[in-house]
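The values are calculated or read from the model by the stated rules, or taken from the named source; none is laboratory data. Everything quoted here is computed from the prediction, not taken from an experiment. Methodologically, a virtual Cβ is constructed for each residue, glycine included, from the backbone with ideal geometry; neighbour enumeration extends over all protein chains shown. The area values use the complete protein model at the heavy-atom level, side chains included, leaving out ligands, DNA and RNA. Shrake-Rupley method; radii C 1.70, N 1.55, O 1.52, S 1.80 Å.
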Amino acid sequence: MRRIPTLVRIVFGLVCLTASSLMLARWFNVFPDTNEFVVRGRAALCESLAIQMSLLAARNDVPMMEANLRAVAARNEQVQSLGVRRATGEMLISVGDHQSYWTPKSDGLSTDSQMFVPIATADKPWGTVEVCFKPLSIPGWRGLSQEPLLRMVLFMGSLGAVGYYVFLKRVLLQLNPSKVVPGRVRSALDTLTQGLVILDDRQRIVLANDAFSLTLGRTAESLVGRNFCELPWKNREVHTQPLREFPWREAFTKAKPKTGVLLDLQVNDDVRRTFVVNAAPVFSDKRRCQGVMVSLEDITPLEQKKKELHFALDELHHSAEEVRKQNEELERLATTDPLTECLNRRAFFAHFETHWANSERSGKPLSCIMVDLDYFKSVNDEFGHATGDEVLKGVAGLLRTTARLGDYVCRFGGEEFCVLLPNSPLEEALSAAERFRKAVELSRFCGLSKTASFGVSAISLGAKEPHEMLDQADKALFFAKRNGRNQVACWRDVPPDLVIDEKKINRHKEVAAPVKEEALLSIPYHAVSALLSALAFRHRDTAAHCRRVADLCVMVAETRMSFRDCYMVEIAALLHDIGKIGVPDSILLKHGPLNADEWEVMRHQDSMGLEIVHASFSCESLSQILANRKAFFGGTPHQPGLPIAEMIPLGARILAIADAFDSMTHDSVYRAAMSPEQAFAELRVCRESQFDPALVEQFISIQRSRAARSVPETTLVNKALAVDVGLQIERLVIAIDDQDIDRLKALAERLQLTAEQRQSTAIANKACDLRTAVMEEQELINVLETAHDLVELCRSTQRTFLDHSHKPAALLAAGSR
């Protein structure tokens, strides 16, 4: 049951005391009796009437007597009736219903409501004047309500209740309950840095220390006596709504402490403070809860920092999301042939392997089409390479728009394209190839009419791995060209005894030395990509070098080898430095030249890489290329057991030239980069002794032809920087989210090193700032701000490269195969 407020009980007591005082005053006749005055007035009226009636009776003027009585009755509302009775008892005059109102008294005395006065003439009784008045008191509740004393009591009680309540409420606010707290205790509480408030059982403030009062900008005395719940507490979820549930009220009601509650207090129009509130009940000696002690820790600065951190994180995530989108664009550029915007070889191999595995697992059909433009060399010879490039772009666009959604169009090399058709059986692939053929035949490119030959194969024709199916499609393509070009040929229609003389179809390929059947097993490109990604994480420059060398190898190998052998050389080039994964960072990341011991460690990386490749793929052909890539064409003095001249595998000879050329034309810690012409001269100096002379001349011819259409080296550097920093920024944001300080420090250091290697001073300096902020354990907000600036720099770098890369001139050679 809810208790009646103390103030109300006090007011009720005072009202009762006032009513009792009025009644006692009436009892002791301190207040005059109003009825007595009324009776006296009525008696005086009757005496006056008697005198008038006596005078009129002496003249026996009865009409005048009646007129006077009626006038009195009309003027006095207290008079109910009047009458004049003769001494004989005869009713002479009756005004009003006198017979019914007048009741003769047995004692013959007048009352307060019935009065009679005798009339005499010549000292002889003549009669009496009888007057009936309204009763002074009405029986029942109606009469009680008109009792003057009661009305006085009710009036004074009501007025007093309001007056007492207002007066006492204001007086009680002026009282200082904190005086019951000893001064030394108050002084001790005032030394606390957090706010402390003591409440009574009505949640009124008994004591507030200086820390809390200063936070509100008020004096402690002005807070005493106020209801703590009436302060402008705000709902943290919806600040516009006042707070309904209070922890101190719950602590008092349940007699249990309530801790760790966050509340907002609107100090003024512009200032809102946030407190961590702990409330504990205060018990009397009899274990009765008689109040609450509330501690309030002001965490407004922390909340502001928290908001700033959230804002900084949101900004960082927004920037990181932009970096991620730009990474996707860079990934698209990295998987796309820059001239034709078709898939490049490596992206195509990855998709091919995925769909091949799905087809083997689910039994769904899979087909591929090899495409080669007829007499394309004559276009370059007669109209120039620029026209040839425009024709290639036109044919590539035609193939992409004619292909179905879900098909993959790849520029396989030179004027060759390959189309992968998932979920397409052989007959559908043949129809698609015929559709492509007609589209090419009916189109004109730079004013020229061109035709193309098509070779088709499918998984249903017995291929055991992806490159065998590509070989089948390639042989079908040769069959189509031998039979007149501008036609579609299927592998199942190729005679088994067909002799492929590839020199007659303008591809100048020489078949490499035969290898054992078990060496032709497919090498999963996803596994190659995983190893290359691991190498890129350790040392991105080495991974970039491997990709460039692979591109150089393919340019030469595709003119001399079958698709499968060309793929083998490409994989060997991608993995030829994989052994550097095991080289310590102190050597791998060293800025200066290596000493003799460090070179010894680096020499061991070749054998380590060979072991990794052999353990990963068990491919003898691939291992032979890597094992002999450093064999000298004229004999290897320091390793006499290595093969010489034509005994060296063709792939190893190509890889040796490409590796040497790329190393010479790029900066290293022990040598400045040469120009391509200087590198060509060096290759020629070493031909016959170290390199295959015929391959050297072919390599130089291909590179000079390519140089006319390539982009500046700075574009390639910018691309490498954009890709590297983009990937590292994504990891950096994850580390910040996880608050992984060690990882954040390592990533900042790696990003600094990457930027220094790519000669990006701004990014390197900002990464150094981030690393310093982490190492010095600066506030998280400072770390976030530095990280955000770093991300913005990286975004700008990526954006600059992407904007430049969308220009056709820059796309000619910036992408990797």
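List of remarks:
- Selection count, the stretch 480-511, where residues are under 22 Å from GLY414 (Cβ atoms), at pLDDT 70 or above and either open to solvent by 30 Å² or more (accessible area, probe 1.4 Å) or of a type in the set (Lys, Arg) (or both): 9
- Top-ranked residue in the stretch 326-355 [being in contact (Cβ under 8 Å) with a residue 24 or more places away in the chain and hydroxyl-bearing (Ser, Thr, Tyr); ranked as farthest from GLY414 (Cα to Cα)]: THR354
- Scanning the stretch 453-466 turns up one or more residues that are at pLDDT below 90 and either part of a helix (DSSP H, G or I) or basic (Lys, Arg) (or both).
- Among (1) modelled with pLDDT under 80; (2) exposed (fewer than 14 other Cβ atoms within 10 Å of the Cβ); (3) under 30 Å from PHE349 (Cβ atoms) - the single one SER607 does not satisfy: (1)
- Identity of the residue in the stretch 517-536, open to solvent by 50 Å² or more (accessible area, probe 1.4 Å) and modelled with pLDDT under 75, that ends up nearest to HIS467 (Cα to Cα): LEU521
- Within the stretch 280-293, the residues that satisfy the criterion of being within 14 Å of ASP201 (Cβ to Cβ) and either touching a residue at least 40 places away in the same chain (Cβ under 8 Å) or in a strand (DSSP E or B) (or both) are PRO281, VAL282, PHE283, CYS289, GLN290, GLY291, VAL292, MET293.
- With respect to the stated conditions, GLU465 is of a type in the set (Asp, Glu), in contact (Cβ under 8 Å) with a residue 24 or more places away in the chain and open to solvent by less than 20 Å² (accessible area, probe 1.4 Å).
- When PHE699, PHE617, PHE633 are checked against the criterion of being closer than 19 Å to ALA557 by Cβ and at pLDDT below 85, a single residue qualifies: PHE617.
- Looking across the stretch 621-644, the residues that are open to solvent by less than 30 Å² (accessible area, probe 1.4 Å) and among the polar types (S, T, N, Q) come down to SER621, SER623, ASN628, THR636.
- Total residues in the stretch 245-276 satisfying the condition of being in contact with a helix residue (DSSP H, G or I) (Cβ under 7 Å, 6 or more places away or on another chain) and outside any helix (DSSP H, G or I): the figure is 7.
- For LEU296: the one exception among (1) surrounded by 13 or more Cβ atoms within 10 Å (Cβ to Cβ); (2) modelled with pLDDT under 80: (2)
- Residue selected from the stretch 24-60 under the condition open to solvent by 40 Å² or more (accessible area, probe 1.4 Å), among the aliphatic types (A, V, I, L, M) and closer than 16 Å to VAL153 by Cα, by the criterion modelled with the lowest pLDDT: VAL30
- Of residues in the stretch 526-562 being of a type outside the set (D, E, K, R) and assigned to a loop (DSSP other than H, G, I, E, B), the one farthest from GLY414 (Cα to Cα): HIS539
- Looking across the stretch 150-198, the residues that are outside any helix (DSSP H, G or I), open to solvent by 60 Å² or more (accessible area, probe 1.4 Å) and modelled with pLDDT of 75 or more come down to THR191, LEU192, THR193, GLN194.
- Scan the stretch 264-278 for residues that are hydrophobic (A, V, I, L, M, F, W, C), within 14 Å of LEU231 (Cβ to Cβ) and either open to solvent by less than 10 Å² (accessible area, probe 1.4 Å) or at pLDDT 85 or above (or both) and the total you get is 3.
- Number of the exception - LYS254 against (1) surrounded by fewer than 16 Cβ atoms within 10 Å (Cβ to Cβ); (2) at pLDDT below 85: (2)
- Test: residue in the stretch 444-456 that is crowded, with 20+ Cβ neighbours inside 10 Å and under 24 Å from ALA357 (Cα atoms): yes
- The residues on offer are ASP577, ASP565, and the sole one that is open to solvent by 10 Å² or more (accessible area, probe 1.4 Å), free of Cβ contacts under 8 Å to residues at least 60 places away in the same chain and under 21 Å from PRO649 (Cα atoms) is ASP577.
- Single condition ALA347 does not satisfy, out of (1) open to solvent by less than 30 Å² (accessible area, probe 1.4 Å); (2) touching a Cys at 6+ places or on another chain (Cβ under 7 Å); (3) farther than 30 Å from VAL783 by Cα; (4) of a type in the set (A, V, I, L, M, F, W, C): (2)
- Among residues of the stretch 676-697 that are farther than 12 Å from ALA660 by Cα and in contact (Cβ under 8 Å) with a residue 24 or more places away in the chain, those with a beta-carbon under 7 Å from a residue that is open to solvent by 10 Å² or more (accessible area, probe 1.4 Å) and assigned to a strand (DSSP E or B) at least six positions away or on a different chain give the pairs PRO693/ARG687.
- The residues in the stretch 393-409 that are in contact with a helix residue (DSSP H, G or I) (Cβ under 8 Å, 6 or more places away or on another chain) and closer than 20 Å to GLN487 by Cα can be counted, and the count is 6.
- Among the residues of the stretch 362-384, those identified as of a type outside the set (Gly, Ala, Ser) and either crowded, with 16+ Cβ neighbours inside 10 Å or in contact with a Ser or Thr (Cβ under 6 Å, 6 or more places away or on another chain) (or both) are PRO365, LEU366, CYS368, ILE369, MET370, VAL371, ASP372, LEU373, ASP374, PHE376, VAL379, ASN380.
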